[in-house]
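Quick notes on the structure that follows.
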Amino acid sequence: MIVIDKAEDTDAAVEYLLGQDILGVDTETRPSFSKGMHFQVSLLQVSTRDTCYLFRLHLTGMTPAIIRFLEDKRVPKVGLSWHDDLLQLHRRCDFKPGYFIELQDVAKKFGIKDMSLQKIYANLFHQKISKAQRLSNWESQELREAQCRYAATDAWCCIHIYEEFNRLSKADDYELVEF
């Protein structure tokens, strides 16, 4: 995992990421426990097959490099509930979304009804992923190792789920057993 918390570090990270053939994406927002209080997206996670970049947007801002990443139309970026994430990112700044693949659309073709990342992953790989850090403070001064691992896992899983769906489509050997 590589944490990007300075605006000047976003260019090199985005350049590297846009050189990949597929990326997993997700966001995290500081939770609000008070009615009517909302926070902006704090973290943009972008994963390759082996490395995840954690962009701390509340520290970097929406730099030209990050906007270029979000508008890129060449590299497929796979996410779950990504439409909601895009709406939240739009609250930070205006951009035209590039090449994004929504995993929930793909999962529907397989008859999966529970569209959570945890359930889809369990259905495909028969393993659980922890969601224990979901409601942690994503704007804390330092992210804990457990937060980083959680955030990176969510983005990384998107690539692996998508590639498994593609493999199963080609093999035509999927039997749905929901967990």
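Sub-7 Å Cβ pairs linking a first residue in the range 121-135 that is within 16 Å of Ile161 (Cα to Cα) and at pLDDT 80 or above to a second residue that is surrounded by fewer than 13 Cβ atoms within 10 Å (Cβ to Cβ) and among the basic types (Lys, Arg), at least 6 apart or interchain, are Ala122/Lys128, ordered by first then second residue. Given the structure, is Val46 at pLDDT 95 or above, in contact with a helix residue (DSSP H, G or I) (Cβ under 9 Å, 6 or more places away or on another chain) and of a type in the set (Val, Ile, Thr)? Judged against the criteria, Val46 is a match. Name every residue in the range 100-115 that is surrounded by 13 or more Cβ atoms within 10 Å (Cβ to Cβ) and either at pLDDT below 85 or among the hydroxyl-bearing types (Ser, Thr, Tyr) (or both), in order of residue number. Scanning the range 100-115 gives Phe110, Ile112, Met115. Would it be correct to say that Phe39 is in a loop (DSSP other than H, G, I, E, B) and modelled with pLDDT under 95? When the stated conditions are applied, Phe39 passes them. Only residues that are modelled with pLDDT of 90 or more and either surrounded by 17 or more Cβ atoms within 10 Å (Cβ to Cβ) or touching a Leu at 6+ places or on another chain (Cβ under 7 Å) (or both) were counted across the range 155-179, and they come to 9. The residue of the range 61-75 that is nearest to the chain's Cα centre (by Cα), among those that are more than 11 Å from Pro97 (Cβ to Cβ) and assigned to a loop (DSSP other than H, G, I, E, B), is Val75. Residue pairs whose Cβ atoms lie under 6 Å apart, sitting 6 or more positions apart in sequence or on different chains, and linking a residue in the range 63-85 that is at negative phi to a partner that is assigned to a helix (DSSP H, G or I) and among the acidic types (Asp, Glu), are Ala65/Asp11.
Taken together, Asp21, Asp9 contain a single residue that is among the charged types (D, E, K, R), surrounded by 15 or more Cβ atoms within 10 Å (Cβ to Cβ) and at pLDDT 95 or above, which is Asp9. When the range 52-99 is filtered for residues that are under 15 Å from Leu18 (Cβ atoms), out of contact with any helix residue (DSSP H, G or I) (no Cβ under 6 Å at 6 or more places or on another chain) and either among the aromatic types (Phe, Trp, Tyr) or modelled with pLDDT under 95 (or both), the ones remaining, listed by number, are Phe55, Tyr99.
The values are calculated or read from the model by the stated rules, or taken from the named source; none is laboratory data. Please read all numbers here as calculations on a predicted model, not as lab measurements. We place every Cβ from the backbone using ideal geometry, glycine too, and count neighbours over all the protein chains shown.
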